[in-house]
Amino acid sequence: MNLADDDFSLFGLPQRFAQELADIDARWKAVAARVHPDKFAADGAAAQRLAMQWAVRVNEAHQRLRNPMKRAAYLCELRGAPLQEHDNTAMPAGFLMEQMEWREALDEAEGVAAVQALDDLVAARERALLAEAGTLLDDKQDAAAAAQRVRALMFVTRFRADIDKRLDALDGLGQ
């Protein structure tokens, strides 16, 4: 193992979007057990520091691979198409219109049922974008197009967080 290995190599997984969470978790547990700092307690401070670096690296890789959006973003980066989410905020006009319609629908929604219906609609769009990103990465080898889908997913994820806040507020009001 090498600290500079990509997350997939670190866990012995194929460099693909499609992954089984059980495989990711099992590989993480195996690698984490090998590098756990407690195993190096008798080897001195330097060995423990290195083990701590490994433990952090392994846990970060696990979190990145376990989350489909983060995994897709990571694959885009590995394949030469970093998201550049702070510099590249351009989105297709249709997607922007969809976002505006969702925002308007959330503002106008009255009651939990209306907000939940909107969340169901947005969740379906989120699943579709993830599936598109996966196809673009695994089947079409088009990391640049996948990066655009992942940037769209980031917008959708933030909007779903706003929906969750609205649902929490409605629950607090007993609606």
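Given the options 58, 74, 170, identify the residue whose Cα lies farthest towards the positive end of the charge dipole of the chain (+1 on Cβ of Lys, Arg; -1 on Cβ of Asp, Glu).
58
Among 7, 87, 43, which comes first, then next, by fewest other beta-carbon atoms within 10 Å?
The most exposed by this proxy come first: 87, 43, 7.
Counting other C-beta atoms within 10 Å, which of 86, 36, 62 has the fewest, and how do the rest follow?
Fewest-to-most ranking of 86, 36, 62: 86, 36, 62.
I want to verify a result. In a Gaussian network model of the chain, Cα cutoff 10 Å, which of these has the top mean-square fluctuation: 162, 107, 142?
Result: 107 has the largest fluctuation of those listed.
Determine the dipole magnitude for the stretch 15-57: charges of +1 sit on the beta-carbon of Lys and Arg, -1 on that of Asp and Glu, nothing else is charged, the reference point is the Cα centre, and the result goes in debye to the nearest 20.
120 debye
Lys pairs in the chain, Cα-Cα under 23 Å, at least 8 apart or on separate chains: how many?
For the chain, the number of qualifying lysine pairs is 4.
How high is the FRET efficiency from residue 161 to residue 135, r the C-beta distance, R0 25 Å, rounded to 0.05?
0.45
Expressed in whole Å with the largest first, what are the equivalent ellipsoid semi-axes of the stretch 7-66 derived from the C-alpha gyration tensor as the square root of 5 times each eigenvalue?
After scaling each eigenvalue by five and taking roots: 25, 10, 8 Å.
Which translational diffusion coefficient, to the nearest whole µm²/s, is obtained for the stretch 121-175 from the Stokes-Einstein equation, given a Kirkwood hydrodynamic radius over C-alpha pairs, 4 °C and 1.567 mPa s?
105 µm²/s
Which entry in (1) 1, 8, 15, 17, 17, 15, 13, 9, 4, 1, 0, 0; (2) 1, 8, 14, 15, 14, 13, 11, 10, 7, 5, 2, 1, 0; (3) 1, 9, 20, 24, 23, 15, 6, 1, 0 is this structure's computed P(r) over Cα pairs in 5 Å bins from 0, in percent?
The value computed from this structure is option (2).
Bear in mind that the values in this text are calculations on the coordinates, not laboratory data. Keep in mind it's a predicted model, so treat the numbers as computed, not measured. Note that each Cβ is placed from the backbone with ideal geometry, even for glycine, and that neighbours are counted across all protein chains shown.
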